[in-house]
Amino acid sequence: MPGVLAHAQAGALRWWYPEVLAVIFGFCTVYFYLVGPVRERLGLADRIERRPMIFFTAAMAVMALAEATPLHGLSEDYLFSVHMLQHVLLTMVMPPLFIAGLPDWLVSYILRWPGMRRVLTALTRPVVALLAFNIVNAAWHLPYFYEAPLLTHWLHPVQHALMVITALMMWWPLVSSSRELPALSYGAQVVYIFLILLVQLPVFAGITFADSVFYEFYAQAPSVWGLSPLADQQLAGVVMKLGGMIVMLSYMGRAFIRWVQEDRRELGPAPHSKGLGGSHAG
């Protein structure tokens, strides 16, 4: 593929990305304007809750780590495995934090905007969300689509935006605190997460166990840390699967525990039975 090596060598490793930080600052400005002046003016809530703001700030910090640090330069010009770590941060770590940062009253306010209720209700249906994320994720890992954003820089933000949007759709049924667009029941969450992990297996297996390098771009990229292109690809598959699995299994375990606790509460306290030696004839 002509021009790949020249592209990689020309892209000096940058230590910060002010254009990305500007976008993140814009997100923060809009968010704090909504939870501050807009909330007060419209009487949407009595006070600002600290917990959602912490989650939102953490989500923006993860986005900055993925997109505005040397991770981005390494992923874009040198290492497939670092690119996969970037995708794990953007799709498995940032979205649940972002959704947890949206108070119920803020979601209710957004749903009042024309057309938003219909659109968000359709996009956050579990089947739609699960299929959308996994189809987009699988499609972007096809060699042509994966390398296009690496060679045409303006496509890279488009790729990441689509992955983040569909990841937010996928995570909504697990993390939402909205009464109008609620999360699934805990039992349904366990099944939903199992299906997510299941449908991701083909992409993971294809990348990890291939005996040749999928992406010519990374095959020609300058070597970093002594990793061969094939070893880098195998490491990328491990990062993809382990990163996603660790996060998903933690949510599955949380959902399962709460599911069991709910069942116990519904059943009520077990009746006390007398022991075999509890009474004696006089």
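Hey, among the residues in segment 197-213 that are surrounded by 13 or more Cβ atoms within 10 Å (Cβ to Cβ) and among the aliphatic types (A, V, I, L, M), which one's modelled with the lowest pLDDT?
Checking each candidate, the answer is A210.
Free of Cβ contacts under 8 Å to residues at least 40 places away in the same chain, touching a helix residue (DSSP H, G or I) at 6+ places or on another chain (Cβ under 7 Å) and either within 28 Å of S75 (Cα to Cα) or hydroxyl-bearing (S, T, Y) (or both) - does that describe any residue in segment 250-260?
Taking segment 250-260 as the starting set, the residues that turn out to be free of Cβ contacts under 8 Å to residues at least 40 places away in the same chain are 250, 253-254, 257, 260.
Subsequent filtering for residues that are touching a helix residue (DSSP H, G or I) at 6+ places or on another chain (Cβ under 7 Å) retains none.
No, every residue in segment 250-260 fails to be free of Cβ contacts under 8 Å to residues at least 40 places away in the same chain, touching a helix residue (DSSP H, G or I) at 6+ places or on another chain (Cβ under 7 Å) and either within 28 Å of S75 (Cα to Cα) or hydroxyl-bearing (S, T, Y) (or both).
What tally of residues in segment 170-182 results from selecting those that are of a type outside the set (K, R) and under 16 Å from L111 (Cα atoms)?
Of the residues in that region, 7 qualify.
Restricting the search to segment 132-149, which residues are more than 26 Å from F56 (Cα to Cα) and surrounded by 15 or more Cβ atoms within 10 Å (Cβ to Cβ)?
Within segment 132-149, A138, W140, H141, Y146, E147, A148, P149 qualify.
State all residues of segment 72-102 that are modelled with pLDDT under 95 and not in a helix (DSSP H, G or I); if no residue qualifies, say none.
Y78, L79, listed by residue number.
Among H83, H72, which is crowded, with 16+ Cβ neighbours inside 10 Å and in contact with a Lys or Arg (Cβ under 8 Å, 6 or more places away or on another chain)?
Selected residue: H72, the only one of H83, H72 that is crowded, with 16+ Cβ neighbours inside 10 Å and in contact with a Lys or Arg (Cβ under 8 Å, 6 or more places away or on another chain).
Residues are listed down the side, and each one gets a yes or a no for (1) modelled with pLDDT of 90 or more; (2) of a type in the set (S, T, N, Q); (3) not in a loop (DSSP other than H, G, I, E, B):
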| site | (1), (2), (3) |
| --- | --- |
| L184 | yes, no, no |
| V191 | yes, no, yes |
| P222 | no, no, no |
| A255 | yes, no, yes |
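T152 fails exactly one of the following numbered conditions: (1) among the hydroxyl-bearing types (S, T, Y); (2) touching a Phe, Trp or Tyr at 6+ places or on another chain (Cβ under 9 Å); (3) surrounded by fewer than 15 Cβ atoms within 10 Å (Cβ to Cβ). What is the number of that condition?
T152 satisfies all of (1) among the hydroxyl-bearing types (S, T, Y); (2) touching a Phe, Trp or Tyr at 6+ places or on another chain (Cβ under 9 Å); (3) surrounded by fewer than 15 Cβ atoms within 10 Å (Cβ to Cβ) except (2).
Select from segment 198-220 the residues that are without any contact (Cβ under 8 Å) to a residue 60 or more places away in the chain, in a helix (DSSP H, G or I) and farther than 19 Å from W140 by Cβ and list them in ascending order.
Correct list: L198 only.
State all residues of segment 1-52 that are modelled with pLDDT of 70 or more, farther than 18 Å from M94 by Cβ, outside any helix (DSSP H, G or I) and not small (G, A, S); if no residue qualifies, say none.
Within segment 1-52, W16, L44, D46, R47, I48, E49 qualify.
If we keep just the residues of segment 112-128 that are touching a Leu at 6+ places or on another chain (Cβ under 7 Å) and assigned to a helix (DSSP H, G or I), which is surrounded by the fewest Cβ atoms within 10 Å (Cβ to Cβ)? Lay out the reasoning, then the answer.
Filtering segment 112-128 for residues touching a Leu at 6+ places or on another chain (Cβ under 7 Å) gives 117, 120-121, 124, 126.
Next, only the ones that are assigned to a helix (DSSP H, G or I) stay: 117, 120-121, 126.
On the way: R117: 15, L120: 18, T121: 13, P126: 19.
In this case the residue turns out to be T121.
The values are calculated or read from the model by the stated rules, or taken from the named source; none is laboratory data. On a predicted model such as this, the values are computed, not experimentally measured, just so you know. In this analysis, Cβ positions are derived from the backbone assuming ideal geometry, glycine residues included, and neighbour counts consider all displayed protein chains.
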